[in-house]
Amino acid sequence: MHLVEINLMKKLNFFVIIAVLFGVFSLANAQNKPLSQRLGYTLTDRIWLADDGTPVGIPKSWTYEQGVQLKAVEQLWYATGDPKYYAFIKNSMDYWFDKSGNLKYDAEEYNIDHVTPGRALLTLYRVTADEKYKKAIEQIRGQLKTHPRTKEGGFWHKKIYPYQMWLDGLYMGEPFYAEYSMVFNEDNWNDIANQFVWMEKHARDPKTGLLYHGWDESKQQKWANKETGLSPHVWGRAMGWYAIALVDVLDYFPKNNARRAELIAILQREAEAIAKYQDQKSGVWYDIIDLPNREKNYHESSGSAMFVYSLAKGIRNGYLSDKYLATVNKGWAGIKKEFIKELPDGNLDWEGTVSVSGLGGNPYRDGSFDYYMSEKLRTNDAKGLGPAVMAAVEMENLEHGQFGKGKTVMLDDYFNREIKKDDKGNEYSWHYKWEEKGHPGYFTWGKQFESYGAKLDTLSAAPTAANLANASVYIIVDPDTDKETPKPNYITETDIKNISDWVKSGGVLVMMGNDYGNCEFEHWNNLARKFGFEFNKDSKNRVQNDQYEQGRVTVPDGNPIFKKARDLYMKEISTIKINDKKVQTNLTLNNEPIIAVVKYGKGTVFALGDPWLYNEYTDGRKMNGLFQNFTAAQELSAWLLNQTKKK
């Protein structure tokens, strides 16, 4: 062999070794990611491939399956702070707009399934305030205004399926309808609640608690029982759609609306039936839930994932008893064993999802057991993968600890109360609010508190012993100046006494100010001095345009709050003057305190001269991984909750 050939062989062997090592590293890296993200990769990059004429991850036509997909991707976004998930949602929805910015959507088809992707449009509008998305949202809302209904008022499943309500339809329409009502301040809550009440009234078997797939008001369909109008069988995924519709609608349904309790009661009844009919050997659920011993019946993955998601979320939010944890854990273990397959390249396949199951149509589907068994199973079907990702996110929430359970995080809306008007002239409070998904809001931070099982609330009145009684954490941010609000609610001596008494009895107070010129200091510092510190009238870490590095704050090792977050972004902050040796400096900038912590009686005060953790610097869209504010939000949320006691 010539010397040249020997050298060539050596080089080839070297590159083969490098390729193998890279493959091993990539596989190990993939396997180390949370299951939600690994399944999420399949959901975004390994379905609806480009060979159907659309970009990867986008279906060839407008479909509810994409709505399910994108809601799961959104949950990944708020669980990770990774902007790639937001970009995927935006690119996926923008695909359906023409060059003039109009959504290609046929409302007069009156298909309730087509409403579902509208949830992604609501997310995009709430994040960007782009009127393009609002116009599209109004198209979909317009459909619901004229959508055909039963005599009671229940939405028909489709115009081509007259007089029929299916369990599926509650997920397809109601979460969008509820979020729209919250965002645009429309009082549709009775109508929304009635959809669930009527569906349960007609579809629920009082003996088993299970709900039949569909109901025909006219009782004319071949599949319909001539006395009840019900379809013959209990289909697992249909009950799954109904369950996740309930837990998702409750995200938006007003807490002070009496009918909220009705929805929770319906969820509790369904949860009891779901747990009762879980297959005890495998932990998952059969396609036809109540016929486990019937030949050809099988374990079905999408319904199983929906049940785990809805029960886990119901437990975390306090709608369901912790007794269902056993059902959830057993179900998730069964899902991982039976439906998730790891490939040699480290990717995951999701197996065992039935492609479709419907009633009527052409060719006619008679709702018989044999019909349900005739539908094919698919691998990596969005109807199963989407709920699988949602379930994985919820299970990871449970696994990282629910030490916020039974605790409420109260956000001030009295001292910081800037007002805007919507398109209808209604006034609303904005800037550093839980529900805001745009740059100025605290939606991302709020999701971190919720992931630990805490509840969020807002206090729009002066603090008193009574209205702070149920709060574990009370956050006051950037009190108004007279430039921001015509008549600011300044902090009074009475407020200081009420707040300090509450802290002394065990409350956790968070004081997040702002730099000089952007915050009211005189009354704000009266409160701060009560705890042994005050905010300096300065403005440090000023950032010019997009030179983000100017806002870097480095956390040294050993910080008791920020154990992983090291590179933080804080711009234009006021430093802190320590007046009492009991006050501990948690973080400094150029040797000046910028975060202080003090124990006061049985409680704790956390202070920072900046609003800091609003979406602009936590949701990843603006700086895309340059800093670790999202991780800091997770760690601060956990630390604050761990300082508290249950109320």
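Taken per residue, the accessible surface of the chain reaches 42 Å², heavy atoms only and a 1.4 Å probe. For region 340-354, 3J(HN,Hα) computed residue by residue from phi via the Karplus equation (6.51, -1.76, 1.60; θ = phi - 60°) reads 9, 10, 8, 8, x, 8, x, 6, 10, 9, 10, 10, x, 9, 5 Hz, glycine and proline entered as x. Counting only DSSP beta bridges whose two residues both lie in the chain, roughly 70 percent are antiparallel. In region 186-242, the C-alpha radius of gyration followed by the widest Cα-Cα span (Dmax) gives 12.4, 39 angstrom.
Calculated mean residue ellipticity at 222 nm for the chain: -13000 deg cm²/dmol, from DSSP H runs with n ≥ 4 weighted as -39500 (n - 2.57), summed, divided by the residue count and rounded to 500. Here the ratio of the Cα radius of gyration of region 525-647 to 2.2 N^0.38 Å is 1.07. Its Cα gyration tensor gives the chain an equivalent ellipsoid, and the semi-axes of that ellipsoid, as √(5λ) in whole Å with the largest first, are 44, 33, 24.
Here the chain has 50 percent of its accessible surface on carbon and sulfur atoms, given a 1.4 Å probe and all protein chains in place. Normalised by the number of residues in the chain, what is the relative contact order in percent for Cα pairs under 8 Å and 6+ residues apart? For the chain, the relative contact order is 11 percent.
Using alpha-carbon positions, what is the distance between the centroids of region 149-185 and region 77-97, in Å? Centre-to-centre distance over Cα atoms comes out at 26 Å. For region 183-230, GluC sites (Glu not before Pro) are listed when DSSP marks them as loop and at most 16 other Cβ atoms sit within 10 Å of their Cβ; the list is Glu186, Glu227. When both region 414-488 and region 284-322 are represented by their alpha-carbon centers, they are found 37 Å apart. Using the Karplus relation 6.51 cos²θ - 1.76 cosθ + 1.60 with θ = phi - 60°, the per-residue 3J(HN,Hα) values for region 295-310 come to 4, 5, 5, 8, 6, 10, 7, 5, x, 4, 5, 4, 5, 5, 4, 5 Hz, with x marking Gly and Pro. All other residues whose Cβ lies under 14 angstrom from that of Met623 are scored, Lys and Arg at +1 and Asp and Glu at -1, for a net of -1.
Annotation for region 593-647 versus region 186-220: alpha-carbon center distance of 43 Å. Computed over the alpha carbons of region 350-480, Rg followed by Dmax gives 23.0, 66 Å.
The values are calculated or read from the model by the stated rules, or taken from the named source; none is laboratory data. Everything numeric in this text was worked out from a predicted model, so none of it was measured. Quick reminder, even Gly has a Cβ in these numbers, built from the backbone with ideal geometry, and neighbours come from all protein chains shown. Each accessible area value is taken on the protein alone, full model and side chains, heavy atoms only, with ligands, DNA and RNA left out. Shrake-Rupley method; radii C 1.70, N 1.55, O 1.52, S 1.80 Å.
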